[in-house]
Every structure is written in structure tokens, then in C-alpha cells.
């Protein structure tokens, strides 16, 4: 090797070692220089954009797939919630029906009459008349004129019967007339419906009859249509008639006709059995 | 639908009255079973009256009469009123609407509304008279027996019934009798 070339080699090696030593020394504690900063800035910018691009793409891709799954899962859960909600409502309905039926059984045992349970299936199509339709008819032994009651009290009378269904004329109908007595004073009158009102009136009560608000009105048992002593309602108002001879009594019925679901048809009351 | 064979068109045409009876039955069924959720105006409105006006103004006398009789009887059966009260009441409305046709033909919405409102209000006077012939006279002429919400709602509801009735007529290729009569008269 010529001497000049030997010098170049040794000088270059020494320079390289020096540069590397300086480089190692400068970066020994994680410090960066201006060139490093420029390089990092340039590469970092590119990396950043690329990262966002790839990450964004991945995110979109992942989220799209994820959302599809989420939507699917959401639909499934919504269906499940709806199903459970329906079941809860159905169970609540069963619970309520159980309660009513239990009450009905106790009622049947309490009332000394042969009763036929029925469901209310429709109300009157006309607002001028107050009737209901039940799901029992002639094939169940229902006849025109039979009394209809509920655990809450007196409902009305059978007006019309077909083979499977019957129409009931309720207490609230102005064409309905039911014989009743005041439980406290034993004053007797006829209870009839009023025009488009949810209250009845009690007719033919003498001005000397002892009547007070909140007095309980019960069935008299006359005519053998209803069992005696069945709750009809309470007196809600008493006024003296225009002629001064009779008292005008309004009665709030114990039964809410518009909320009725189950009723009982009085097939035979103890009074009718006694008569027969 | 518009490319049916003439025999199919005739079949649809002949089924038109049955569709109307079914339409009335649906209205009555909704009224009697969904009373707890329906608004008060709908409950007190005269539900069958618009049908009577429709039959009176869009049908021949006999066809309209038979339809009116059938539908009013259906109504009568769904009510606790003595059977016949509503049958006669609605037949009377049918004939009144038929008479009114010579003065006001329910063609546009204003004339239809006028006829419907007249009968909606007039019905409250007519019903007590007819009910009087059937035992205990109920309803009676008292102020509380005028459900104003229902009286004003019935004509509006009637417009919908008219629109649906006309649509049903078009769907079943039912020719407008009045136009035929006018055409025949002109000829």
C-alpha cells in the first residue's frame, strides 16, 4: 500500500471514529440536534399523515363493520326488550285478572244467587244509550230481563239475547228502572239513568223521607231480578223538587260502567227461588 | 286494476254494496270496542249519518234504500235502543238527504259539508221524535242532549267518509248514478 493512501485511510478512519464518537456523545442522553429536529419534523409529518390515513381507513373499516354488527345487535336487543315488555304487560294483565277472578269467586260465595260469569265485549255504538254487550247468550241460559251484577255492585238488566251474546241495559240508561232502598232510612224509590251523565237519579222519594248525602243505596230485591241488599251506589245530592212534594236525589253508582270487564248474570236469586 | 276484463269489472261492481256494508261494520266495530281510547267528539258524533247522505246522493233510490236499511239495522243491533229506533231514524235521514239532493247536491266539499251539518244538527231533533214511537221516549229535547262537539265533528268526519266512499266507488268501477241520470235526461 503506498504511504499517501495509508495516510488517507488512517485520517478517514479517525474522522469517522470522531464523528461517530461525537454522534454517540450528542445522543447519549436522548438529546436531539437541529438536523435531527429537521429530519424528525419532515419524517414525522409524513408519518403523521400516513398514520391518520391508515388509521382512519382502518377505523372507518372497523367501525363500519362494527356498526353493522352493532345495528344488528341493537335490533336483536330491541326485539328482546319488546318481547319482554309484552310479557311483562301480559303478566300484569294476568295478575290483574287473577285478582279480579279471586274477588269474583269470593263475590259468588257471598251472594246467595246462581250466577253466570261473562265478559264485556263491547259498548253501545250510540252515545244516547248506555248499553254493553257480553259474551253469554241463550245457549248459556241467559234470558231477557235477568239481572246483571258485578263485585262492585249492580250493573243492569239483560235487554236482548242472541245465541252467544247478550245486550245489557245499564243503570245509567235513562230507560232503565231499578227498585232501590236507602240502607240507613229504608226509604224506597226507583233508580233511573240521566241524560248523558254518569250519575243516576232516584225517583218517587217523599219530601219527608230521611235522606242524606253519602247514604248507601242498595237493591230492594223486589221483582226477584236482583238479590236483595246489593250495592247500587251512594247519594251524591239531595234537593227538594219544584212541586215541593218529592225530593230529587242523585246517586253516584258504585260500578263504573265504562271500566267494566267482567260481570255476572243473575240466573236465579234467592228471592225468585222463594217465589217459585 | 284498470286493465281488468269487463266480467271482472262487473264482479267488482256487484260487490260494491258488500264493501260498503263491511265499511260500515268496521266503523261500528271500532266505535263499540275502542270507546275508551277514542276522543269524545268521535263518540258523540253521528257515525252513520254520512253514509246515509252518501247513499242518498250517490245511489239510486232503491239501491240507496236497501243499503241504508241494512246498515241502519246493523247499527240498531249494536245499540241498546229498542230495535227499530235507529233503523227508522237513519232511513228518515236517508230520505231527507235524498230530498235535499234536489236543492243541494253534495259534489264539492262545501256543499257536502253543508248537507252533512244540516243533517247532523237536524238529527238531534229527529231522533227524539222517532224514539217517541218506541216505548219510553228517550232521547228527549233538552239542551244537554245536544253534544255540540259531536254535532260539529260529524260533518268533518263525513267528508272523510265521502272521500273514502268515492274512492271505493272508483275502485269498484261504480258509475255515478247522478251522471247517468243526467246523461239519460239530456239524451
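The values are calculated or read from the model by the stated rules, or taken from the named source; none is laboratory data. Keep in mind that what you see is a predicted model, and the values were worked out from it rather than measured. Because the Cβ atoms are built from the backbone with ideal geometry, glycine has one as well, and the counts that use them run over all protein chains shown.
Quick one: in region A:134-144, of everything that is under 19 Å from residue A:178 (Cβ atoms) and within 14 Å of chain B (Cβ to nearest Cβ), which residue is surrounded by the fewest Cβ atoms within 10 Å (Cβ to Cβ)?
Per the criteria, the residue is A:144.
Quick test for you: out of B:37, B:21, B:53, pick the one residue that is over 25 Å from residue B:104 (Cα atoms) and assigned to a helix (DSSP H, G or I).
Exactly one of B:37, B:21, B:53 is over 25 Å from residue B:104 (Cα atoms) and assigned to a helix (DSSP H, G or I), namely B:21.
Looking at region B:73-109 only, could you name the residues that are facing chain A (nearest Cβ under 9 Å) and outside any helix (DSSP H, G or I)?
Residues satisfying the conditions are B:78, B:79, B:80, B:81, B:82, B:83.
Could you identify the single residue in A:28, A:5, A:102 that is at pLDDT 65 or above and surrounded by fewer than 10 Cβ atoms within 10 Å (Cβ to Cβ)?
None of the other options fit; the residue is A:5.
Looking at region A:119-133, which of its residues are more than 7 Å from chain B (Cβ to nearest Cβ) and under 23 Å from the mean Cα position of the chain (by Cα)?
A:119, A:120, A:121, A:132
I'm trying to understand the selection: among the residues of region A:217-237, which are free of Cβ contacts under 8 Å to residues at least 40 places away in the same chain and crowded, with 23+ Cβ neighbours inside 10 Å?
Within region A:217-237, A:217 is the sole residue that qualifies.
When residue B:124 is evaluated against the numbered criteria (1) touching a residue at least 40 places away in the same chain (Cβ under 8 Å); (2) closer than 16 Å to residue B:48 by Cα; (3) within 13 Å of another protein chain (Cβ to nearest Cβ), which criterion, by number, is the only one it fails?
For residue B:124, the failing item is (1).
Within region B:13-54, count every residue that is within 11 Å of another protein chain (Cβ to nearest Cβ), surrounded by fewer than 18 Cβ atoms within 10 Å (Cβ to Cβ) and at pLDDT 90 or above.
0
Could you tell me whether region B:127-138 includes any residue that is away from chain A (no Cβ under 12 Å) and assigned to a helix (DSSP H, G or I)?
yes
Output the number of residues of region A:187-198 satisfying the condition of being surrounded by fewer than 17 Cβ atoms within 10 Å (Cβ to Cβ) and within 11 Å of chain B (Cβ to nearest Cβ).
Counting residues in region A:187-198 that are surrounded by fewer than 17 Cβ atoms within 10 Å (Cβ to Cβ) and within 11 Å of chain B (Cβ to nearest Cβ) gives 3.
Residues in region A:147-156 that are under 17 Å from residue A:177 (Cβ atoms) and buried (at least 23 other Cβ atoms within 10 Å of the Cβ): how many?
6
Away from chain A (no Cβ under 14 Å), touching a residue at least 24 places away in the same chain (Cβ under 8 Å) and surrounded by fewer than 18 Cβ atoms within 10 Å (Cβ to Cβ): is that true of residue B:113 in this structure?
yes
Looking only at residues that are more than 14 Å from chain B (Cβ to nearest Cβ) and in a loop (DSSP other than H, G, I, E, B) in region A:154-186, which one is nearest to the chain's Cα centre (by Cα)?
So the residue we want is A:183.
Please verify whether region A:256-274 includes one or more residues that are more than 14 Å from chain B (Cβ to nearest Cβ) and closer than 29 Å to residue B:140 by Cα.
There is no residue in region A:256-274 that is more than 14 Å from chain B (Cβ to nearest Cβ) and closer than 29 Å to residue B:140 by Cα.
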